[in-house]
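K.L.:
Have a look at the structure that comes next, please.
Quick note: the coordinates plus some simple rules give every number you see, no bench work behind them. Since we're looking at a predicted model, the values are computed, not measured. Here Cβ is always computed from backbone atoms with ideal geometry, including for glycine, and neighbour counts include all displayed protein chains.
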Amino acid sequence: MKCPVCGNDCVDNAHDILLSIGQIFSPCPDCHGRVLDKRSPLKSRFYEPPCSCGKRFIDEVFAQTYVIMVEEGTFRGTEPLAKIGIPLIHPGFFMREPPFLPARSLVLVSGVVTRDVAVRLMNEVPEIRGVVRSGDFVPGIADPHLGGVPGAYDLLAGCDVRANIYPTSSGPLVLYQQQSQIHIEFPRDYNPKIESVERKITLNTQWFIDAACGIGTLGLTAARLGVPHVVLNDAWFSAAFWSAFNISLNQEFLAVDEVIMHKTYEEMKARPIGRIPEMVAETHGRQSIEVYHGDLADLYRVLPTVPVLTVLDLFNKKDSGLIERITTRFQEHVTGEVFIP
């Protein structure tokens with residue numbers, strides 16, 4: 001499947017990804033690798049090459065990355081291995097053992113990497129899929145009132161589109177995202193947000209609204225549970241786009257015959273912050289799923305007048321006063337229950 005960001009065939013459907021997870025990061029009988037102390041510098045400039053099966057232990061991948069950073073002058077050789085950055089595997093799912101990585105299965109998010117180093121990493125480290133330079137902020141919209149300039153990390157080389165697999169009581173969801181545009185989240189063996197949604201949904205739930213949907217995790221959980229009408233919305237273009245894209249990827253798990261995309265990635269990127277909600281995608285079939293790009297305060301304009309169940313998964317939950325004001329304003333126009341996961 002063609003990737004909306006890089007145009008290459010680096011996006012697979014949910015079925016193919018789920019078939020791969022039993023062995024994708026498992027070693028063959030000939031695989032081996034060192035467990036390195038991430039709190040210490042690399043003691044030597046040595047790293048093992050990939051095994052004949054094409055996989056390599058993740059610590060050896062980090063060792064080669066460290067050596068390149070020293071050779072390029074990014075490191076002096078005294079920095080701990082962990083200073084390289086955050087390794088995000090593709091696909092990401094809960095594992096009890098560190099992975100043996102096949103080619104193009106790792107997105108590196110680093111605050112110290114330069115463009116020259118990133119290009120060299122893509123050319124010389126076969127496991128790396130993309131290299132992202134991070135900053136001291138969270139990608140996306142920082143101001144809940146949609147003021148200011150949204151932030152994004154810099155994709156320096158390769159492609160930073162990757163998938164996470166989230167378990168639900170009705171089966172797994174495969175959700176793609178562009179890592180430079182979305183905050184880092186990795187699947188765990190227990191997801192309290194998903195469980196809170198599952199506790200709220202009953203057989204009588206006809207409408208589920210994910211008003212600040214991110215990449216669609218909670219809204220698509222409701223759809224996976226069979227809620228007839230699901231609406232997802234986000235003011236950040238990347239979140240709204242990937243929510244819509246993820247419906248197509250998981251279509252076989254939904255009562256959906258067709259997914260219609262009304263906006264392209266490039267169209268949405270040109271207008272990163274949504275105000276009055278505009279439809280990004282909709283489905284035809286026994287389930288109606290709609291995705292909007294806009295301010296949740298104006299989402300009532302496209303919602304039914306019947307009571308709905310709404311989840312508000314806002315990023316800054318510590319500011320209880322802000323959460324209360326946003327919730328109160330939302331409920332001025334929308335009837336039904338609103339809950340924070």
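K.L.:
Cβ under 12 Å from residue 122's Cβ, residue 122 left aside: what net charge do those residues give with Lys, Arg +1 and Asp, Glu -1?
P.N.:
Neighbourhood net charge equals 0.
K.L.:
Find the relative contact order for the range 187-248 and round it to a whole percent, using C-alpha pairs within less than 8 Å whose residues are 6+ positions apart.
P.N.:
The normalised contact order for the range 187-248 reaches 33 percent.
K.L.:
Next question. Over the chain, what is the relative contact order in percent, taking alpha-carbon pairs closer than 8 angstrom and at least six residues apart?
P.N.:
Rounded, it is 12 percent for the chain.
K.L.:
Further question on the same structure: How high is the relative contact order of the range 30-106? Use alpha-carbon pairs under 8 Å, at least six apart in sequence, and give a whole percent.
P.N.:
Worked out over the range 30-106, it gives 36 percent.
K.L.:
Sticking with this structure for a sec: Only four residue types carry charge here, +1 at the Cβ of Lys and Arg and -1 at the Cβ of Asp and Glu. Report the dipole size of the chain about the Cα centre in Debye, rounded to the nearest 20.
P.N.:
It comes to approximately 620 debye.
K.L.:
How much length is gained if the chain between residue 339 and residue 20 is pulled fully straight, taking 0.36 nm per residue apart and subtracting their Cα-Cα distance, in nm to one decimal?
P.N.:
So the chain would gain 111.3 nm between residue 339 and residue 20.
K.L.:
For the range 287-318, which trypsin sites (Lys or Arg not before Pro) pass both filters: DSSP loop (anything but H, G, I, E, B) and at most 15 other C-beta atoms within 10 Å?
P.N.:
317, 318
K.L.:
Which links in 2/38; 2/43; 193/269; 38/200 stretch past 30 Å when you go from one Cα to the other?
P.N.:
From the list (2/38; 2/43; 193/269; 38/200), the Cα-Cα distance tops 30 Å for 2/38; 2/43; 38/200.
K.L.:
Once a ≥ b ≥ c are taken as the square roots of the eigenvalues of the Cα gyration tensor of the chain, is the result rounded (a/c under 1.5), prolate (a/b larger than b/c) or oblate (a/b not larger than b/c)?
P.N.:
prolate
K.L.:
State whether the range 246-341 is rounded, prolate or oblate according to the following rule on the C-alpha gyration tensor (a ≥ b ≥ c being the square roots of its eigenvalues): a/c under 1.5 gives rounded; otherwise a/b larger than b/c gives prolate, and the remaining case gives oblate.
P.N.:
The shape class here is prolate.
K.L.:
Follow-up. Assuming R0 = 22 Å, what is the FRET efficiency of residue 82 and residue 323, from their Cβ-Cβ distance, to the nearest 0.05?
P.N.:
Plugging the Cβ-Cβ distance into 1/(1 + (r/R0)^6) gives 0.05.
K.L.:
Name the most mobile residue of 134, 20, 44, meaning the one with the largest mean-square fluctuation, in a Gaussian network model of the chain with Cα contacts below 10 Å.
P.N.:
Among 134, 20, 44, the largest GNM mean-square fluctuation belongs to 44.
K.L.:
Tabulate in residue order the Karplus-calculated ³J(HN,Hα) for the range 47-63, using 6.51 cos²θ - 1.76 cosθ + 1.60 with θ = phi - 60°, rounded to whole Hz; enter x for Gly and Pro.
P.N.:
Going residue by residue, I get 8, 6, x, x, 5, 4, 7, x, 9, 8, 4, 4, 5, 5, 5, 5, 5 Hz, with x marking Gly and Pro.
K.L.:
Moving on to the next point. Hey, could you grab the Kirkwood Rh for the range 14-158? Inverse mean 1/r over distinct alpha carbon pairs, Å, one decimal.
P.N.:
16.4
K.L.:
Calculate one ³J(HN,Hα) per residue across the range 112-119 by plugging θ = phi - 60° into the Karplus curve 6.51 cos²θ - 1.76 cosθ + 1.60, and present them in order as whole Hz with x for glycine and proline.
P.N.:
10, 6, 9, 5, 4, 5, 4, 5
K.L.:
Can you put 279, 268, 1 in order, fewest other beta carbons within 10 Å first?
P.N.:
Ordered from fewest to most neighbouring Cβ atoms within 10 Å, 279, 268, 1 come out as 1, 279, 268.
K.L.:
Mind listing the phi-derived Karplus ³J(HN,Hα) values for the range 299-306, rounded to whole Hz, using 6.51, -1.76 and 1.60 with θ = phi - 60°, and x for any glycine or proline?
P.N.:
Working through the residues one at a time gives 5, 4, 4, 10, 9, x, 8, 7 Hz.
K.L.:
If R₀ is 35 angstrom, what is the calculated FRET efficiency for the pair residue 112 and residue 52, using the beta carbon separation as r and rounding to 0.05?
P.N.:
Step by step, r from the Cβ atoms, then E = 0.60.
K.L.:
What's the longest piece of the chain with no exposed chymotrypsin sites (Phe, Trp or Tyr not before Pro), counting a site as exposed if DSSP puts it in a loop and it has at most 13 other beta carbons within 10 Å?
P.N.:
In the chain, the maximal stretch lacking such sites is 191-341.
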